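Worksheet for the structure shown next.
The values are calculated or read from the model by the stated rules, or taken from the named source; none is laboratory data. Everything quoted here is computed from the prediction, not taken from an experiment. We place every Cβ from the backbone using ideal geometry, glycine too, and count neighbours over all the protein chains shown. Accessible surface areas use protein heavy atoms only, side chains included; no ligands, DNA or RNA. Shrake-Rupley method; radii C 1.70, N 1.55, O 1.52, S 1.80 Å.
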Amino acid sequence: MCIEDEPDLLGDIGEELTAAGYSPVLAANGVEALREMETLVPDLIMCDITMPRLGGRELLKILRTQRPDLADVPFIFLTALGEREDVIGAKLAGVDDYLVKPVDYDLMLASIDARLGQVARIRSKFDADVASTWQALKTLSAGDAVWNSAAAHALNFLALGIVFLDGDHQVVFANEAAQVFSIEADGLSVDGQIQLRERATAKQMYSAIAEATEASQNGAEFVSGVAVGGVADVHDMLVLICSLPGAMPTGKGVPVAVAFLSDLAHRPHLSRDLIASLFSLTPTEAEIALELTQGHRRETIAERLGISNTTVAFHMRNLFVKTDTNRQADLVAKILVGVGALSLPKGLEKPQEGSSD
């Protein structure tokens, strides 16, 4: 995205970017840019400083304080203000790069390429981590691996509890985060079965597990969230129950459902902005994704967000494309895996240098 109030210069920059293989989005000021960013996530923002209505400094401040979902999008100032103090002030304000007019197009393209390359390297590392963990999850859910295999061990690096259940509702596998929850939480256990001390919530969870088991037997999809209050150091926890893909047979040791356990003490706060940043989603897509991770159905999401079922379905299609999934349960699982990959489970963190552990 390029933001510049001089029409001729904006047009020239757009032509240069197009010739270099980019698809530029052009805006005449910060207000227009913010309007565009309601429905798109730019790969990079190049912005003039002095503009009518909303200038570059003000736009940068808004994005840095109000749009954390765009925190990894490089922001470059393109301006006639080339004094040393101007550059230092811009850097302190959080700008990633600084180009001075008149525009040196070769330098501009080199700077853009370098910043996008840096983002790509970071994104590639994250995608690789999520992909390997996601593959482990799919491999184990298909029942084709030994539960003490490398695939199972990969799930132990998530700050997200993962519990596979068979048709008898018995625990087939629980990763280390789930076991940590079970040790620390008052009233939660993953020993043999997922058990909760609070009866009303336990009844709701067992009902969800039974529905997930039946859905798996029929090759259907099921996702349901159960809010559990006052466990794990008095933090609320969400238990999300999902059926596994395919018409799975019931039987001892054959996984047919998976439960995801998460709470604020053991993972980064699951927010719309975090999801948007991790998967390059628009604010509306991220809002719908967040609702899905809380176990809400599409009709409920439409009602809660004040939009139509058709609009929800449209954004769902985009979510499937951007997360490379085709089932709601897989979409939810991949988002949770992505967030869980950001940190180690509590109690499993690596000791700091100089630690006596």
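Selection over the range 190-212 of residues that are touching a residue at least 24 places away in the same chain (Cβ under 8 Å) and of a type in the set (Ser, Thr, Tyr) gives a count of 2. So, Ala289, is that one modelled with pLDDT of 90 or more, part of a helix (DSSP H, G or I) and under 27 Å from Ala128 (Cα atoms) or not? Yes. Among the residues of the range 233-259, those identified as in contact with a Leu (Cβ under 7 Å, 6 or more places away or on another chain) and modelled with pLDDT under 80 are His235, Met237. Scanning the range 98-148 for residues that are outside any helix (DSSP H, G or I), open to solvent by less than 30 Å² (accessible area, probe 1.4 Å) and modelled with pLDDT under 85 turns up just one, Ala145. Taking first residues from the range 13-40 that are within 18 Å of Thr65 (Cα to Cα) and small (Gly, Ala, Ser) and partners that are open to solvent by 60 Å² or more (accessible area, probe 1.4 Å) and in a loop (DSSP other than H, G, I, E, B), the Cβ contacts under 9 Å between residues at least 6 apart in sequence or on separate chains come to Gly30/Arg53.
What do you reckon, is Leu9 surrounded by 17 or more Cβ atoms within 10 Å (Cβ to Cβ) and assigned to a helix (DSSP H, G or I)? Against the criterion (surrounded by 17 or more Cβ atoms within 10 Å (Cβ to Cβ) and assigned to a helix (DSSP H, G or I)), Leu9 does not qualify. Taking the range 323-345 as the range and being modelled with pLDDT under 80, open to solvent by 40 Å² or more (accessible area, probe 1.4 Å) and either among the aromatic types (Phe, Trp, Tyr) or within 19 Å of Ser124 (Cβ to Cβ) (or both) as the test, only Leu342 passes.
Return the total of residues in the range 26-52 being assigned to a helix (DSSP H, G or I) and either open to solvent by less than 10 Å² (accessible area, probe 1.4 Å) or not basic (Lys, Arg) (or both). Break it down into steps so the answer makes sense when it comes.
Going residue by residue through the range 26-52, those that are assigned to a helix (DSSP H, G or I) are 30-36.
From what's left, either open to solvent by less than 10 Å² (accessible area, probe 1.4 Å) or not basic (Lys, Arg) (or both): 30-34, 36.
Going through the range 26-52 one residue at a time, the tally reaches 6.
For the range 194-231, the set of residues classified as in a loop (DSSP other than H, G, I, E, B) and open to solvent by 70 Å² or more (accessible area, probe 1.4 Å) consists of Arg197, Glu198, Asn218, Glu221, listed by residue number.
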